[in-house]
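Chemist: The following block contains the structure, expressed as structure tokens.
Values quoted throughout were computed directly from the atomic coordinates according to the rules given, and no laboratory measurement underlies them. Keep in mind it's a predicted model, so treat the numbers as computed, not measured. Here Cβ is always computed from backbone atoms with ideal geometry, including for glycine, and neighbour counts include all displayed protein chains.
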Amino acid sequence: MKFVDSLIIDVEGGTGGNGCCSFRREAYVPRGGPNGGNGGNGGSVILEGDDSKTTLLDLTYNAIYKGKRGIHGKGSDLQGRRGEDILLKVPVGTMVYDVETEELVADITKNGEQVVAAAGGRGGRGNASFVSSTHRAPREFTNGVPGEKKRLRLELKLIADVGIIGMPNAGKSTFISAVSAAKPKVADYPFTTLVPHLGVVRGELGDAFVLADMPGLVEGAHEGIGLGTRFLRHIERTRVLVHFVDSSDYDSSMIERYKMIRNELEKYGTDVSDKVELVAATKTDAAVPENLAEFEGFIQKEGKPFFKICSLTKDGVKDLLNAAEKVLAETEKANEEDLGDSEQ
């Protein structure tokens, strides 16, 4: 499936139905009164979060989404039916911006959460609704009002508990395929992962959490080099980062590669560099011993949790997952305490 995480769509609410001007006429009823019904409201365009979706691809097939027009009112006090709404399902994590004002209209973060993107117009009034004690036979009626019309930019920022970052070919895809049902492409060349992959893992504490395998980052990613800022933004919503560094690479220092990625996170901004980080040396079955020892000492001095893993043999994998789960539990508890303090 093609991964689409940003697009522009035009949305328009349906026009309300017109009110009706009508008078009651029946045999043997000499004074039939006004009985024109109101028109129905126009249908709205509604966005709904759907956690089964991971891409905006479904919305690329149409450029304009318009709610149905409300039905006109009729005689005999018949009210027009409301126009049908258009329901557009989007991935959880979709942010909605008004293109003209650049205003954030909505941030859809929950499954089933609904946002009215363009409200339908109000239906017109029939002449029966103008009756008063001094105006017994009104001939006034109103037409339906056009619905809202907007141009929206949708941007997807995937919501995951743990984001796996690192350079291309650091072993991210192999890891997520080993611990979850996700099956990303794995190959021995750069940028095999072109889109983020999500995998669900159940940890030692019994709670399931979501891993996101992010495409590899290279120097200059914050300026759009490589896969660039397009995928850096998906890291923003993760709660914990797991930084993978390939220990089998003979050509460059593990410390320098680690520092390069950290530098890109800091330059990107939006506080992604401040997230809790676990560091893992990968492919330890083919590690360069002196490089690995040097890197381990460096990370320990940095005061960050360090793990040695091999996804093929599963060595160290369970320890890393358990540590990630415990950090998630701690951050969730801290968030609940902060929320409790703010409410007092």
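Chemist: Determine, for each peptide in 109-115, 14-20, the mean count of other beta carbons within 10 angstrom over its residues, then list the peptides with the highest first. Don't skip to the answer; put the middle values down first.
Modeler: Working: 109-115: 13.7, 14-20: 27.3.
Final packing ranking: 14-20, 109-115.
Chemist: Can you tell me the alpha carbon radius of gyration of segment 24-68 divided by the globular rule-of-thumb value 2.2 N^0.38 Å?
Modeler: Values: Rg = 22.9 Å, N = 45, 2.2 N^0.38 = 9.3 Å.
Scaled against compact globular proteins, the figure is 2.45.
Chemist: By how many nm would the segment from Glu266 to Lys301 grow when fully extended, if each residue of separation counts as 0.36 nm and the alpha-carbon distance is taken off?
Modeler: Values: separation 35, 0.36 × 35 = 12.60 nm, distance 1.96 nm.
Using 0.36 nm per residue and subtracting the Cα-Cα distance, I get 10.6 nm.
Chemist: Related question: Quick check on packing: order 252-263, 236-247 by the mean number of other C-beta atoms within 10 Å, highest mean leading.
Modeler: Values: 252-263: 16.2, 236-247: 22.6.
So the peptides 252-263, 236-247, ranked by packing, come out 236-247, 252-263.
Chemist: Output the peptides 302-315, 33-46 sorted from most to least packed, where packing is the average of other Cβ atoms within 10 Å over each peptide's residues. Could you put the intermediate results ahead of the total?
Modeler: Details: 302-315: 16.4, 33-46: 25.6.
Output ranking for 302-315, 33-46: 33-46, 302-315.
Chemist: Follow-up. Based on the Cβ-Cβ distance of Arg139 and Glu84, what FRET efficiency does E = 1/(1 + (r/R0)^6) give at R0 = 30 Å, to the nearest 0.05? Don't skip to the end; give the middle numbers.
Modeler: Details: r = 31 Å, r/R0 = 1.04.
Efficiency for this residue pair is about 0.45.
Chemist: Once the Cβ-Cβ distance between Asp274 and Leu312 is put in as r, and R0 is 35 Å, what FRET efficiency do you end up with, to the nearest 0.05? Let's see the in-between values first.
Modeler: On the way: r = 33 Å, r/R0 = 0.94.
Calculated transfer efficiency: 0.60.
Chemist: For Arg151 and Val200, FRET efficiency with R0 = 35 Å and r from the beta-carbon atoms, rounded to 0.05? Kindly include the intermediate steps, with their values, before the conclusion.
Modeler: Numbers: r = 36 Å, r/R0 = 1.02.
After rounding, the FRET efficiency stands at 0.50.
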